[in-house]
Amino acid sequence: MSSQEHAKRIQVPFESEETIRNLRAGDALLLNGTLYTARDAAHKRILEAADRGEDLPIPIERQVIYYVGPTPPRDGEAIGSAGPTTAYRMDPYTPPLIEMGLGGAIGKGYREAKVKEAMKGHPFVYMAAIGGAGALLGKRIKEAQVLAYEDLGTEAIRRLVVEDFPVIVINDTEGTDFYEVAQAPWRKAGDKA
Amino acid sequence: MRDVHVDQITKAVSEMCQSAGVTLSDDMLEALQKAHREEESPLGRHALEILLENAEMATGSALPYCQDCGFSVVFAKLGQDCHVIGGSLTEAINEGIRQGYGEGLLRASILKSPIDRENTGDNTPAVIHYEVVPGDRLELAITLKGGGSENMSRQAMLKPADGVEGVKRFVVDTVANAGPNACPPLVPGIGLGGTFDKSTYLAKKAIMRPIGQFNSDPQIAELEKEMLVLCNETGVGPQGLGGTVTCLWTPIEVYPCHVTALPVAVNIQCHANRRREVTL
């Protein structure tokens with residue numbers, strides 16, 4: 001299963017729809033290439049711009065959005081600490097982006113049923129990075145450039161260039177949820193609400 | 001009367017923010033190491049290895065441990081024979097946060113208003129809990145409280161008939177529901193009794209207690225031990241990837257309550273449990 005020693009190197013944006021469909025819940029990946037950052041406020045603005053028929057600040061098709069609000073960089077560094085934020089806050093905005101062709105998103109935590117439903121029709125994977133490992137993940141980001149919504153500060157949209165950025169596939173195109181699969185053997189009491 | 005100047009307070013708060021933002025306290029680091037030794041799931045152990053590596057990397061390169069540098073929550077115990085001079089105590093604390101977050105390159109996450117949602121830019125204001133105590137000292141304890149885990153916290157006004165079993169169920173459900181959203185392994189602070197507001201205050205106060213220091217009431221200490229076992233039976237595991245260590249520690253604070261009531265609050269703390277304290 002998902003030890004990073006067996007991780008697959010994957011190019012982002014994803015090369016094809018086939019690449020996305022071939023990813024399986026539980027796969028450990030090392031992402032290489034370009035990611036775009038966006039959190040709640042930026043998602044809202046992207047969708048408002050799409051509604052008005054305006055050009056979007058980032059490409060969507062087969063791209064991967066990273067839910068992150070980094071700390072400020074020190075002199076000479078690309079970025080500060082940069083771990084994932086909780087993904088469910090983006091749930092209201094994710095299905096329309098999946099329909100527009102978004103290939104994946106990186107965050108942490110459970111996604112709601114509507115997002116998993118939207119993934120059935122379009123190739124999209126939800127991946128988790130280790131929540132709270134901000135220093136370690138920040139070091140895997142080699143370039144960062146603010147592209148849009150600079151007034152949002154840490155929540156502005158950034159273009160990131162990453163090298164061997166470690167993630168685990170949580171929700172795949174076949175409808176498997178890795179959190180459910182991984183927790184079930186260890187559950188003795190209590191239920192996931 | 002003993003004098004404490006506001007400049008001393010500001011300096012101490014700034015230093016605590018910068019240090020806490022980067023380096024976990026010793027008790028927390030030891031708890032993560034113990035979790036790594038005891039976790040039975042290979043994937044859970046792998047997640048803990050990454051967290052320990054992150055802790056080392058943060059300290060080694062003076063980078064924040066987590067990018068969410070939290071809401072600054074301060075517990076201030078002001079001795080009744082301690083005299084703050086040179087300005088306002090609240091302002092001195094907020095100035096310390098302003099300086100600490102700025103100099104430490106910590107992320108500013110606080111908004112002026114929950115409606116307009118414009119960032120204040122310097123992580124102020126803090127949430128400050130004041131307590132007046134005997135003595136001539138000023139004790140300041142601070143936590144940089146992450147938003148992801150705070151969002152998974154809950155409070156319930158249980159019926160007295162629900163009893164201690166109802167309390168256990170509520171805590172376990174809250175932890176299971178938080179799952180990977182809250183960045184486990186967790187420290188759920190539990191507040192039991194008081195009024196609605198007092199229970200949530202107690203829950204926050206509980207997470208300030210050093211890990212391993214049980215409640216001084218033996219009955220509550222037993223409940224803390226049992227609660228830890230129950231929470232770890234959820235199988236959530238480190239990062240929600242399954243395993244035997246969902247929680248590191250389940251501290252409980254208790255207060256008398258009304259005859260009609262059984263208030264319980266669970267304030268979830270993530271593994272980025274960043275606390276400091278100082279006595280001036």
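Just so it is clear, none of the values below were taken in a lab; they were calculated from the coordinates. Since we're looking at a predicted model, the values are computed, not measured. Because the Cβ atoms are built from the backbone with ideal geometry, glycine has one as well, and the counts that use them run over all protein chains shown.
Here the 3J(HN,Hα) profile of region B:257-268, calculated from phi with Karplus coefficients 6.51, -1.76 and 1.60 at θ = phi - 60°, is 9, 5, 4, 8, 10, 9, x, 9, 10, 10, 9, 7 Hz, Gly and Pro shown as x. Distance from the Cα centre of region A:120-193 to that of region B:102-118, in angstrom? About 23 Å separates the Cα centre of region A:120-193 from the one of region B:102-118. By the Cβ rule of 4.7 Å, the protein assembly as shown holds the following cysteines without a possible disulfide partner: B:Cys17, B:Cys66, B:Cys69, B:Cys82, B:Cys257. Once backbone amide H atoms are built at 1.01 Å from N, B:Leu186 has B:Cys247, B:Leu248 as its partners under 5 Å, excluding neighbours fewer than 5 places away on the same chain. The mean count of C-beta atoms from other chains within 10 Å of the C-beta of residues in B:46-57, rounded to a whole number, is 5.
Tell me, rounded to the nearest percent, the portion of alpha carbon pairs in chain B spaced more than 36 Å apart. Of all Cα-Cα pairs in chain B, 15 percent lie more than 36 Å apart.
Can you give the net charge of the other residues whose Cβ lies under 10 Å from the Cβ of A:Ser81, counting K and R as +1 and D and E as -1?
After counting each charged neighbour, the total is +1.
Partner shielding of A:64-71 amounts to 3, given as the average count of beta-carbon atoms from other chains within 10 Å of each residue beta-carbon. Cα convex hull of region B:1-79: mean projected area in nm², to one decimal? Result: 7.2 nm². Once the Cα-Cα distance is subtracted from the 0.36 nm per residue extended length, the B:Thr195 to B:Gln33 segment shows a gain of 54.6 nm.
Computed from the C-alpha gyration tensor, the three semi-axes of the ellipsoid equivalent to region A:12-183 are 23, 20, 14 Å, from longest to shortest. Calculated on C-alpha atoms, the gyration radius of the protein assembly as shown divided by its Kirkwood radius gives an Rg/Rh of 0.98.
For a 21 Å ceiling on Cα separation, which of these pairs sit above it: A:Lys116/B:Lys145; A:Lys114/B:Lys145; B:Lys145/B:Lys205? The pairs that break the limit, which is 21 Å between Cα atoms, are A:Lys116/B:Lys145; A:Lys114/B:Lys145. For region B:15-167, the alpha-carbon radius of gyration amounts to 1.28 times the rule-of-thumb value 2.2 N^0.38 Å expected for a compact globular protein. When all alpha carbon pairs of region B:148-273 are counted in 5 Å bins from zero, the resulting P(r) reads 2, 13, 24, 26, 20, 10, 4, 1, 0 %. Each principal axis of the Cα cloud of region A:88-152 was taken in turn, and the coordinate range along them, longest first, works out to 35, 26, 20 Å.
Antiparallel DSSP bridges in region A:12-183: what percent, to the nearest 5?
Bridges in region A:12-183 are about 65 percent antiparallel.
Label-to-label distance for A:Arg21 and A:Met100 is 2.4 nm, based on points extended 7 Å past Cα in the beta-carbon direction. Straight-distance candidates among the aspartates and glutamates for linking to B:Lys11, with alpha-carbon spacing under 15 Å and chain neighbours fewer than 8 residues away dropped: B:Glu91, B:Glu95, B:Glu103, B:Glu139, B:Glu277.
For B:Lys198, the aspartates and glutamates whose Cα comes closer than 15 Å to its Cα, not counting residues fewer than 8 places off in the same chain, are B:Glu131, B:Glu253. The mean number of Cβ atoms from other chains found within 10 Å of a Cβ in peptide B:219-227 is 0, as a whole number.
As a proxy for reagent exposure, A:Trp186, B:Trp249 were ordered by neighbouring Cβ count within 10 angstrom, fewest first; the result is A:Trp186, B:Trp249.
Restricting to the protein assembly as shown, compute how many DSSP beta bridges are antiparallel as a %, nearest 5.
For the protein assembly as shown, the DSSP antiparallel bridge percentage is about 60.
Rounded to the nearest 5, the antiparallel percentage of DSSP beta bridges internal to chain B is 60%.
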